[in-house]
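The values are calculated or read from the model by the stated rules, or taken from the named source; none is laboratory data. Values in this document were obtained by computation on a predicted structure and should not be read as measured data. Heads up, the Cβs are rebuilt from the backbone with ideal geometry, glycines too, and the neighbour counts pull from every protein chain shown. Only protein heavy atoms, including side chains, enter the accessible area calculation; ligands, DNA and RNA are left aside. Shrake-Rupley method; radii C 1.70, N 1.55, O 1.52, S 1.80 Å.
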Amino acid sequence: MSSRLIGVGVGPGDPELVTVKGVNALRAADVVVVPVLDSGERGRAEATVLHYVPAEKVVRVVFALNERTDRARREAAWDAAGERVAGLLREHGSVAFATIGDPNVYSTFTYLAQTLVELVADTVVETVPGITAMQDLAARSGAVLTEGTEPLTLVPVTAGAAVLKDALAGPGTVVAYKFGRQAGEVAEALRETGRIGDAVWGSALGLPEESVRPAAELDGAPLPYLSTLIAPPRRDGGRGGKL
């Protein structure tokens, strides 16, 4: 019998943004795995999952989610997590992995799935989409992500502020993920490209410490790592002007 590994997107933090299909997948799985830092604190995925499934069904697995420089340590953590989840798959047969946002957008689930298909024969990998941070920020701020023929560019600022600046120089809306530690460089890029006036950023969306602010207020101080930025293009054509 094949083992099933289901990556379930649980949104950016607000438990009400988990889809009905996502809730059903979490409840149907034999075990729900949530990623945690090696420091042990509860993450957003775990906090969200506990709104829908009992704690005894949840298994916390350590990932080096905050490791950006030591590749060997990061890979060792992935391998250890893979072995742990492989054991759960062999024992239970059906494992859901809860990930913030969407499991196919910059998610740890991707690396886990790649590891598991090599460790457990005949593993069937499935995903349940989740609401992304850019969608939630757009809703909370009133920013329109796209109109008509506009493109949408998503950039992780962990790739460098220069990548973001190149995107801002192009057309359409630009969304930046994980820019908190480079907030000063991001603000400078927005000003240089004339994008700062309509841009907005947010962090901890849907949580008590939520912050949604105009990008013009960025002063260079570091922000939470998982901050999200939306920088729309200038829209001067009136209604339907981008069609």
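Values for this structure:
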item	result
Two-site label geometry, SER211 and ASP38: point separation in nm, points 7 Å out along Cα→Cβ	2.8
Value of [θ]222 nm, deg cm²/dmol, for the chain, DSSP H segments ≥ 4, -39500 (n - 2.57) each, nearest 500	-9500 deg cm²/dmol
Where labels lie 7 Å past Cα in the beta-carbon direction, separation of HIS92 and ARG181 in nm	3.2
On Cα atoms only, tilt of 71-92 relative to the major axis of the chain in degrees	50
Mean separation of Cα contacts under 8 Å, 6 or more apart, over the residue count of the chain: relative contact order %	21
Accessible area per residue, Å², the chain with all protein chains present, probe 1.4 Å	48
Under 5 Å, built H, 5+ apart or other chain: amide partners of THR127	GLY7
Accessible surface of the chain [probe 1.4 Å, protein heavy atoms]: carbon and sulfur percent	50
Karplus-derived HN-Hα couplings along the stretch 6-21 (A = 6.51, B = -1.76, C = 1.60, θ = phi - 60°), whole Hz, x at Gly and Pro	10, x, 10, x, 10, x, x, x, 7, x, 6, 9, 6, 6, 4, 4
Inter-site label distance for THR146 and ARG60 at 7 Å from Cα along Cβ, in nm	3.9
Förster radius 45 Å - calculated FRET efficiency between GLU192 and GLU83, Cβ distance, rounded to 0.05	0.45
Eligible aspartates and glutamates near LYS21 by straight Cα distance, threshold 17 Å, same-chain separation 8 or greater	ASP30, ASP102, GLU126
